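Notes for the one structure printed next.
The values are calculated or read from the model by the stated rules, or taken from the named source; none is laboratory data. Note that the coordinates shown come from a computational prediction; the quantities given were computed from them, not determined experimentally. Here the Cβ positions follow ideal geometry from the backbone for every residue, glycine too, while neighbour counts run over all protein chains shown.
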Amino acid sequence: MDQENHLASEEDVGEPLVIIGQVLLRLQQTVILGISRARQRVLQGLTVFSIVILLLLIAAFLYGTFYFSYMPKAAFSAPVYYYYRTDCESPSSFWCSYPVANVSLMRSKNHALTFGQAYRMYLQLEMPDSPANHEVGMFMIKTTCFSQGGDKLASSARTASQLQKASSSRFGMLRYQSDLLKTLGTLLFLPAFLSGAAEQKQVVDVELFSEFVDDPYAPSVTVVIEVLSSRVQIYSSQLYVHAHFTGLRYLLFYYPILSALIGVASNFTFLSFLFILSYIRQLLRLQQKPEQLTTNGHQPEWNDVNNQPGKEKGLSTDTAERLGPLQTDPTDLSEDERHLQLSSNTDTQNQHALNQEDMYQSKAA
């Protein structure tokens, strides 16, 4: 009776210790699994964030490359310097020709005009408000474009008054002013005239081409401008070329921010779609490899753990029943979780075996 009471007391004392050990083991497993899952979530988040940033950079680079290769230069200007021929046969005339200027359409050995793009070309003349220019009245400006081989591509001869109507410009010729108005204007701006801050001049804009399109097979390299009047007086002259955008180029030039957002978003969507397809394809390949190994007679490693001798298998089954909800299918666990599950099962088996050995020794005593 004393031995039975002693054994019963030892069993009563041993069961709480086993329960406490199991609770601590479960707590340890829960903490380790929580840390492992949190680390996996952080790594997955960093990976997804890095991939998104990389795709955005690639999408922006593709849009920028397309924009700078597709959009031509919006404006182009060049100074115009006139010259006269002096090899005259007649001694009565010193100038044998009208004022002529050659303007190059090349910049850094590249064509300033884009092939297939329509351009508006006009000439800006800064002329003195002199009696000689008022006496000239209307004058014509002839413009000719030449290719590299010297072939004439386009030609225009416009009167200043006619161009004033075509381009809606009001400076086709010098504006008329009466003598009284000139006197009052001179007296009013006399300090500015004396200090050199202002001059008695007018600016005349003459449209040369309203929609000039360069030929890709024979691009223009030189523009020859000739003022068909030998008595006209000019301070300075400037040639301006402005691109006339239509269609997609119009949207890209006048709405750059909206176009950039749409372009980058479209590229990002397309790249993301390609990335998701490649990722799904890679996952399918990884899932096919274990199936091929199983059909070839090579079992996964966790099957070797399940094929242990009967005694160890019985102990693991008993341990699984004691653990209850913590027992899971090895196929549903990751490599770290399988390792933790196997180590916990081994510790529980060793503890159970030690408890049984103590009980046998106490009974034998």
*Could you please find all residues in the stretch 206-234 being among the aliphatic types (A, V, I, L, M) and surrounded by 15 or more Cβ atoms within 10 Å (Cβ to Cβ)?*
Val206, Leu208, Val213, Val221, Val223, Val224, Ile225, Val227, Val232, Ile234
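Would you mind stating whether Pro16 is more than 30 Å from Leu274 (Cβ to Cβ), at pLDDT 85 or above and not hydroxyl-bearing (Ser, Thr, Tyr)?
On the way: more than 30 Å from Leu274 (Cβ to Cβ): yes; at pLDDT 85 or above: no; not hydroxyl-bearing (Ser, Thr, Tyr): yes.
No; evaluated as a whole, the condition is false for this residue.
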*Of the residues Leu194, Leu184, which single one is aliphatic (A, V, I, L, M), assigned to a helix (DSSP H, G or I), loosely packed, with under 12 Cβ neighbours inside 10 Å and at pLDDT 75 or above?*
Leu194
*Taking the stated definitions as given, is Pro128 out of contact with any helix residue (DSSP H, G or I) (no Cβ under 9 Å at 6 or more places or on another chain), at pLDDT 85 or above and not charged (D, E, K, R)?*
yes
_Yes/no for Gln238 being assigned by TED's automatic domain parsing to the domain that holds Tyr98 and either over 30 Å from Gln148 (Cβ atoms) or without any contact (Cβ under 8 Å) to a residue 24 or more places away in the chain (or both)_ = no
*How about the stretch 197-225: which of its residues are in contact (Cβ under 8 Å) with a residue 12 or more places away in the chain and in a loop (DSSP other than H, G, I, E, B)?*
Glu199, Gln200, Asp214, Asp215, Pro216, Ala218, Pro219
*Does the stretch 243-266 contain at least one residue that is within 15 Å of Met71 (Cβ to Cβ) and in contact with a strand residue (DSSP E or B) (Cβ under 7 Å, 6 or more places away or on another chain)?*
yes
*Take the residues in the stretch 56-78 that are more than 18 Å from the chain's Cα centre (by Cα) and of a type in the set (Gly, Ala, Ser), then tell me which one is farthest from Leu251 (Cα to Cα).*
Ala78
*List the pairs whose first member sits in the stretch 101-118 and is more than 12 Å from Lys73 (Cα to Cα), whose second member is assigned to a loop (DSSP other than H, G, I, E, B) and aromatic (Phe, Trp, Tyr), and whose Cβ atoms are under 8 Å apart, counting only residues at least 6 apart or on separate chains?*
Ala101/Tyr81; Ala101/Tyr82
*Hey, any hits in the stretch 245-261 for a residue that's outside any helix (DSSP H, G or I) and either crowded, with 16+ Cβ neighbours inside 10 Å or among the basic types (Lys, Arg) (or both)?*
yes
_Residue in the stretch 101-121 that is modelled with the lowest pLDDT, counting only those that are out of contact with any His (no Cβ under 8 Å at 6 or more places or on another chain) and among the hydroxyl-bearing types (Ser, Thr, Tyr)_ = Ser108
